[in-house]
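The values are calculated or read from the model by the stated rules, or taken from the named source; none is laboratory data. These numbers come from a predicted model, not from an experiment. Cβ sites come from the backbone with ideal geometry, for glycine too, and all protein chains shown count toward neighbours.
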């Protein structure tokens, strides 16, 4: 537990956090693939299984011409989806509408702009029943920017 608190504090001091519009995001001066690896590791280290990885950046690049896109948005962008049976049960027993947050998602993206930082984050819920999920997601993000 002490190590977890130290890692979180270090991660938050090394990255720039932003909480706006219900999203908690850190920007990281790191290689995109390293951050991806660290996110996967942080999720599985919590005993969770990644259900899906959405390759949003690749999809947008692939369909750019088809939809009349004129600019490249991302050099890469992915969303990791996973769930916690125990936290999901806990939050949904308190409010069935919390089903909308399952599975949980961590996003990682880097804009197509040269030298852009990598961003990693999640969508926060303001429902008090979701505080344990918000805490889990914040821990995963923190662990992914300052792994052991």
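With the structure loaded, tell me whether residue 60 is at pLDDT 95 or above and either closer than 19 Å to residue 33 by Cα or loosely packed, with under 11 Cβ neighbours inside 10 Å (or both) or whether it fails that test. Give the steps one after another, and end with the answer.
Values: at pLDDT 95 or above: yes; either closer than 19 Å to residue 33 by Cα or loosely packed, with under 11 Cβ neighbours inside 10 Å (or both): yes.
Considered against the rule, which asks whether it is at pLDDT 95 or above and either closer than 19 Å to residue 33 by Cα or loosely packed, with under 11 Cβ neighbours inside 10 Å (or both), residue 60 comes out as yes.
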(message) For the range 46-98, which positions are more than 22 Å from residue 141 (Cβ to Cβ), in contact with a helix residue (DSSP H, G or I) (Cβ under 9 Å, 6 or more places away or on another chain) and part of a helix (DSSP H, G or I)?
(response) 92, 93, 94
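Out of 18, 30, 42, I need the residue that is in contact with a helix residue (DSSP H, G or I) (Cβ under 8 Å, 6 or more places away or on another chain), farther than 22 Å from residue 82 by Cα and modelled with pLDDT of 50 or more. Which one? Write out each step before concluding.
On the way: 18 fails: in contact with a helix residue (DSSP H, G or I) (Cβ under 8 Å, 6 or more places away or on another chain); 42 fails: farther than 22 Å from residue 82 by Cα.
That would be 30, the only listed residue that is in contact with a helix residue (DSSP H, G or I) (Cβ under 8 Å, 6 or more places away or on another chain), farther than 22 Å from residue 82 by Cα and modelled with pLDDT of 50 or more.
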(request) May I ask you to list the residues in the range 21-45 that are within 14 Å of the chain's Cα centre (by Cα) and assigned to a loop (DSSP other than H, G, I, E, B)? (result) 22
(request) Filter the range 109-133 down to residues that are without any contact (Cβ under 8 Å) to a residue 40 or more places away in the chain and either in a helix (DSSP H, G or I) or under 16 Å from the mean Cα position of the chain (by Cα) (or both) and give me whichever is surrounded by the most Cβ atoms within 10 Å (Cβ to Cβ). (result) 130
